[in-house]
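Structure, as structure tokens:
Values quoted throughout were computed directly from the atomic coordinates according to the rules given, and no laboratory measurement underlies them. Note that the structure is predicted; figures quoted are calculated from it, not measured. Positions of Cβ are backbone-derived with ideal geometry, glycine not excepted, and every protein chain shown enters the neighbour counts.
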Amino acid sequence: MSRGRALALMVMIASLITPLITPLPTHADPLPSGTGFLSEDLQARQADEAANPGMLWVDEGARLWQSPQGATGASCASCHGDATTSMRGIATRYPAVDATSGALLNLEDRINLCRTRHQKAEPYPYESDPLLGLTAYVARQSLGLPMDVETGGAAAPFYAAGEAFFHRRQGQLNLSCAQCHDDNAGRSLRGDTISHGLGNGYPAYRLEWQSLGSLQRRLRSCSFGVRAVQFDYGSPDYLALELYLAKRAQGVAIETPAIRR
Amino acid sequence: MRLGGKLLSGAFWLLAALGSQNASGAELLPYTVRNDSVPAPLGGLSGDPRRGRDIVLDRRRGNCLICHSAPVAGEPFQGELGPPLAGVGSRLDAGQIRLRLIDQSRISPRTIMPPYYRIEGLRDVDPAYRDRPALDAQEIEDMVAYLRTLTD
């Protein structure tokens, strides 16, 4: 065998066995959804539309979608038509930067902006049933679709702020989000398991609340837990953090309305 | 100038002697760190292990079981983030336990353990907890006394 043919053979053998011993570089696997930390019973309840209590809000959102609002008397459906097609995939891309104002908006903000800008209606307050309902209804149209937010371009400074927030210690207990949700995810905090801090199930029905609640409400609970300032609903700090969390959830399927403890 | 400088350094000395102080007037008792230990009890206080046990279990005070396990009956849910507290009284002396409660980050800067007797260098503290430590000096000493009893 000539040296050339021997070399070619070696290259061929190497190319055959290399994939077996070193996996080709791929995108990192998505982080596990918090649903995996629920009991089997709760997972089953979440998956069953007739048993998931969050579906009450989704149903209310479906009703509001058709309901005339504000000075224009326009409903969401007047412009957007059938939500099951027009809203499919929308929630996977939020929070997102509004091209007109340059502001970072979560889904709640986008719905309220639609109300003030197009329907000439008052914005709904955070955590009100109508806002939770519409948000959950819109997010529900992306059920099973992977999160996929934009973090470059106009979103870049917001993403950087959210990342910094996630990693800085705060509160009297001097803890960062990362110390629990990166370093200790999956471990026990008394009877609870620390999640990876993904927002893919929100608005979610939390047993602790006995209600549906927004991701912002969940973030305020976390701040309370480390004895830190609870920022206002829709504050720039939490919005930026929401964007960072959404990027952490890249590729994770939307589960709204999820059940959480 | 020279007099002013002396006054200034004197003022700093006085502040240091008083311990940490802040605008609201809350203050911490001074303590001295030797290696990984604060050998002397805070304020010369003596701790009560029975009270210390209550503080360790109290979810609004020590809440230690959120992160640690401890040999305590009737507490089925215990944390697993920090080392088990069983045997801590054999592994560490009182001064070493004291510093770990006061501010574990003086030993390991990246620790997840909160500082229980510190008010400086904290960010975005809830107004309800601002300018006071998570536990007071007596509570720290009570916990030291209790943790010293966990020798097995």
Net charge (Lys, Arg +1; Asp, Glu -1) of residues whose beta-carbon lies under 11 Å from that of residue B:51, residue B:51 excluded, is -3
Rounded to one decimal in Å, the inverse mean reciprocal Cα-Cα distance for chain A, i.e. its Kirkwood radius, is 20.1 Å
Per the Cα gyration tensor, the stretch A:80-225 corresponds to an equivalent ellipsoid with semi-axes, largest first in Å, of 28, 19, 15
In this structure, the FRET efficiency calculated for residue A:118 and residue A:221 from their beta-carbon separation, with R0 = 25 Å, to the nearest 0.05, is 0.15
Shielding of B:119-132 by other chains, given as the mean Cβ count within 10 Å, works out to 5
Each residue of A:175-183 has, on average, a number of other protein chain C-beta atoms within 10 Å of its C-beta equal to 2
Between residue A:100 and residue A:233, the FRET efficiency computed from the C-beta separation at R0 = 22 Å comes out, to the nearest 0.05, as 0.50
Rounded to one decimal in nm, the spacing of the 7 Å Cα→Cβ label points at residue A:160 and residue B:59 is 4.1 nm
Other residues with Cβ under 13 Å from the Cβ of residue A:114 give, with Lys and Arg +1 and Asp and Glu -1, a net charge of 0
Taking N as the number of residues in the stretch A:55-140, the ratio of its alpha carbon radius of gyration to 2.2 N^0.38 Å works out to 1.00
Output field shielding_mean for A:160-172 (other chain Cβ, 10 Å radius) holds 3
On the formula 1/(1 + (r/R0)^6), with r taken between the Cβ atoms of residue B:27 and residue A:182 and R0 of 30 Å, the FRET efficiency rounded to 0.05 is 0.25
Two pseudo-spin positions, 7 Å from Cα along C-beta at residue A:47 and at residue B:91, lie apart in nanometres by 4.1 nm
Output row, site residue A:261, 7 Å Cα→C-beta label point, backbone N cut-off 12 Å, window the stretch A:168-209, residues A:186-195, A:207-208
